[in-house]
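Have a look at the structure below before the remarks.
The values are calculated or read from the model by the stated rules, or taken from the named source; none is laboratory data. Values in this document were obtained by computation on a predicted structure and should not be read as measured data. Because the Cβ atoms are built from the backbone with ideal geometry, glycine has one as well, and the counts that use them run over all protein chains shown. Ligands, DNA and RNA are stripped out before the accessible areas are found, and what is left, the full protein with its side chains, is counted by its heavy atoms. Shrake-Rupley method; radii C 1.70, N 1.55, O 1.52, S 1.80 Å.
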Amino acid sequence: MQLLDGKALSAIVKAEIKVQVEQIKAAGGKTPHLAAVLVGDNGASETYVASKIKNCEEIGFKSTLVRMPDTTSEAELLREIEKLNQDPDVDGFIVQLPLPAHISENRIMEAVAPEKDVDGFHPINVGRMCKGLPTYISATPFGILEMLERYKIQTAGKHCVVVGRSQIVGLPMSVLMQRNTYPGNCTVTICHSRTQNLKEMCQSADILIAALGRPEFITADYVKEGAVVIDVGITRVADLTKKSGFAIKGDVKFDEVAPKSSFITPVPGGVGLMTICGLLTNTLLASKKAIYG
Ligand code: NDP
């Protein structure tokens, strides 16, 4: 069994981006600039956005945080997005999800200019991904592809089972794993809560990607000997032995699945840390106008 070490790998990817930023600046180019819009005061969102801003600073990007109150109307948020769309200094921006219930996330995602949509959530960018055109691949799928590639994991001809069909993880992952490229060329099965023979499906996976949000759901009996196991799940579970009062659990019961797997991601320290690399890479691409010219 080999650990897919998100901590070590994300440090390498970030160092590589940092070098590129230094080269751009040394050549007199513009500093890549990421803006993040945070609506309301959701604790988890605050943490995620703070981490994104911190990572930007570490690698030499400029970053801007736009805070808006919980009471922001959809029209006000759309106006803010239009300002960012028009701002020539902002290369890319994200609107942190989830949004307050009175705002349509779909309408907001569609308002972000595709060339600045570094989260890769705009339908045009999702469509480009489906067609295999250059695009911004959203952060979590990007992080998983990067792990597979950097650990040189064989994917062609393998059976990849993705558990979960969300717009941000399961669905794009299933599309990316079947593409005629590397990593890709898998035969893909996508499972969800209505799948009847989930265990049998998982047992036939050479590559199992668990993105269902059910802590430690995938036990050893779901996993084929020698499978590659990617655990996307992040759930806070009450744990009074921890100072914080909770522990972070993945969707995979690591202790019993790890001995059966050839490669496995830990939680924490796996996919979660790789996701930021996607956002940073996309911002760099946006600043270089690499996708939309
Ligand atoms: P969603 O809740 O949007 O989607 C969960 C998916 O899993 C749905 O398609 C659902 O099916 C399916 N599912 C739920 N329960 C079962 C079950 N018992 N059997 C089979 N399928 C099931 O979650 P996300 O995709 O947003 O996130 C998944 C997990 O990944 C969460 O723990 C989240 O915190 C984590 N996450 C981690 C990230 C990272 O950076 N590492 C980034 C994003 C998310 P159905 O469609 O039928 O409801």
Handout entry: Helix 6-26 vs. the chain, principal-axis angle (Cα, 0 to 90°, nearest 10)
Key = 30 degrees
Problem - Partnerless Cys - the chain, beta-carbon criterion under 4.7 Å - result: 56, 130, 191, 202, 277
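Which length gain, in nm to one decimal place, applies between residue 76 and residue 204 when the Cα-Cα distance is subtracted from 0.36 nm times their residue separation? Provide the component values of the computation, followed by the final result.
Details: separation 128, 0.36 × 128 = 46.08 nm, distance 4.91 nm.
Stretched out fully, the residue 76 to residue 204 stretch lengthens by 41.2 nm.
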Problem - segment 240-275 and segment 217-231: distance between their alpha carbon centers, rounded to Å - result: 13 Å
Practice task
Using only C-alpha positions, report the orientation-averaged shadow area of the convex hull of the chain, nm², one decimal.
Solution key: 15.7 nm²
Handout entry: Where labels lie 7 Å past Cα in the beta-carbon direction, separation of residue 3 and residue 256 in nm
Key = 2.2 nm
Practice task
Measure nothing fancy, just the Cα-based angle from helix 43-59's long axis to the longest principal axis of the chain, in degrees from 0 to 90, nearest 10.
Solution key: 70 degrees
Problem - Cβ-Cβ FRET estimate between residue 50 and residue 83, R0 fixed at 35 Å, reported to 0.05 - result: 0.95
Practice task
Using Cα positions and a limit of under 24 Å, work out the lysines in reach of residue 253, with same-chain residues fewer than 8 apart set aside.
Solution key: 7, 158, 199, 224, 242, 243
Completion exercise
With only helices counted (DSSP H, runs n ≥ 4, each -39500 (n - 2.57)), the per-residue ellipticity at 222 nm for the chain, to the nearest 500, works out to -12000 deg cm²/dmol
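How high is the FRET efficiency from residue 238 to residue 149, r the C-beta distance, R0 30 Å, rounded to 0.05? Could the numbers behind the result be given before it?
Working: r = 37 Å, r/R0 = 1.22.
The pair residue 238/residue 149 has a calculated efficiency of 0.25.
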Handout entry: Residues in segment 56-75 that a label on residue 102 would reach, taking backbone N under 14 Å of a point 7 Å out along Cα→Cβ
Key = 69-75
Practice task
With all protein chains present, calculate the accessible area of residue 110 using a 1.4 Å probe and round the result to the nearest 10 Å².
Solution key: 110 Å²
Exercise for the section: Quote the FRET efficiency, to the nearest 0.05, computed for residue 225 versus residue 65 with a Förster distance R0 of 51 Å and r equal to the Cβ-Cβ distance. Expected result: 0.60
Problem - Label-point separation, residue 58 to residue 192 (7 Å along Cα→Cβ), nm - result: 3.5 nm
Handout entry: Accessible surface, the chain, averaged per residue in Å² (probe 1.4 Å)
Key = 47 Å²
Practice task
On a C-alpha basis, how far is the centre of segment 14-85 from the centre of segment 95-136 in Å? Whole number, if you could?
Solution key: 16 Å
